[in-house]
Amino acid sequence: ICAVFVDQYYHILHLTPDQAYKFYLDRNTIGRPRPDGVVELKPLSYINKSLISIDFSKYLTEIDTADAVSSHNGGTLIVVTGSLTTADGVCTKFTQSFFLAPEEGGGCFVLSDIFRTMPKTSRLVISQSDSQENDIKGNVGSIVESREA
């Protein structure tokens, strides 16, 4: 279900974003971050407006991972990571989580959806002095030796 859902969802967002609301029902919530980073949960009336506001046709969407796990009452939790790249090469990483709930009569719908773009960060480089490195190796060696005894 994960691969099929992810493929269909992002395909529709690119080609016919005004139809993406059909993945949702009236009891849904959708989470989107405010400018201060706090995620707000919004009702169905906000969903279509939100989905159309991000013009996915202007982006190349690349899915890096899509993972799923069975969840409450036969539902499925899906977590997607990927990137949105503009025509001029600006790349923004994102993560999106969906809870798919089963529908009566078969199929499923998006009960909850949280989308967040990831801030650009530089890699943290940690350097250790030789004495710290030797202390760490010594401590690890002591732990291994005590387990072997």
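Selection over region 11-51 of residues that are closer than 22 Å to residue 70 by Cβ, part of a helix (DSSP H, G or I) and within 16 Å of the chain's Cα centre (by Cα) gives a count of 0. Filter region 16-35 for residues that are without any contact (Cβ under 8 Å) to a residue 24 or more places away in the chain and closer than 22 Å to residue 90 by Cβ; which is surrounded by the most Cβ atoms within 10 Å (Cβ to Cβ)? Per the criteria, the residue is 34.
One line per residue, one yes/no per condition, for (1) modelled with pLDDT under 55; (2) out of contact with any helix residue (DSSP H, G or I) (no Cβ under 7 Å at 6 or more places or on another chain); (3) outside any loop (DSSP other than H, G, I, E, B):
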{"residue": "83", "(1), (2), (3)": "no, yes, yes"}
{"residue": "96", "(1), (2), (3)": "no, yes, yes"}
{"residue": "104", "(1), (2), (3)": "no, yes, no"}
{"residue": "119", "(1), (2), (3)": "no, yes, no"}
{"residue": "125", "(1), (2), (3)": "no, yes, no"}
{"residue": "132", "(1), (2), (3)": "yes, yes, yes"}
{"residue": "135", "(1), (2), (3)": "yes, yes, yes"}
{"residue": "142", "(1), (2), (3)": "yes, yes, yes"}
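When region 1-44 is filtered for residues that are of a type in the set (A, V, I, L, M) and modelled with pLDDT under 80, the ones remaining, listed by number, are 30, 38, 39, 41, 44. Out of curiosity, is residue 88 of a type in the set (D, E, K, R) and either in contact with a Phe, Trp or Tyr (Cβ under 7 Å, 6 or more places away or on another chain) or in contact (Cβ under 8 Å) with a residue 12 or more places away in the chain (or both)? Spelling it out, it is not the case that residue 88 is of a type in the set (D, E, K, R) and either in contact with a Phe, Trp or Tyr (Cβ under 7 Å, 6 or more places away or on another chain) or in contact (Cβ under 8 Å) with a residue 12 or more places away in the chain (or both).
Taking the condition modelled with pLDDT under 95 and either touching a helix residue (DSSP H, G or I) at 6+ places or on another chain (Cβ under 9 Å) or farther than 17 Å from residue 117 by Cα (or both), does residue 66 pass? Answer is no for this residue. Of the listed requirements (1) touching an Asp or Glu at 6+ places or on another chain (Cβ under 6 Å); (2) part of a helix (DSSP H, G or I), residue 8 misses just one: (1). Here 80, 6 are screened, and the one residue that is farther than 15 Å from residue 117 by Cβ, crowded, with 17+ Cβ neighbours inside 10 Å and not polar (S, T, N, Q) is 6. Here residue 65 meets each of (1) farther than 15 Å from residue 17 by Cβ; (2) surrounded by 12 or more Cβ atoms within 10 Å (Cβ to Cβ) with one exception, condition (2). Apart from one condition, residue 114 fits all of (1) surrounded by 12 or more Cβ atoms within 10 Å (Cβ to Cβ); (2) touching a helix residue (DSSP H, G or I) at 6+ places or on another chain (Cβ under 7 Å); the exception is (2).
The values are calculated or read from the model by the stated rules, or taken from the named source; none is laboratory data. Note that the structure is a prediction, hence the values are computed from the model and not measured. Cβ coordinates were reconstructed from backbone atoms using ideal geometry, including for glycine residues, and neighbour counts include every protein chain displayed.
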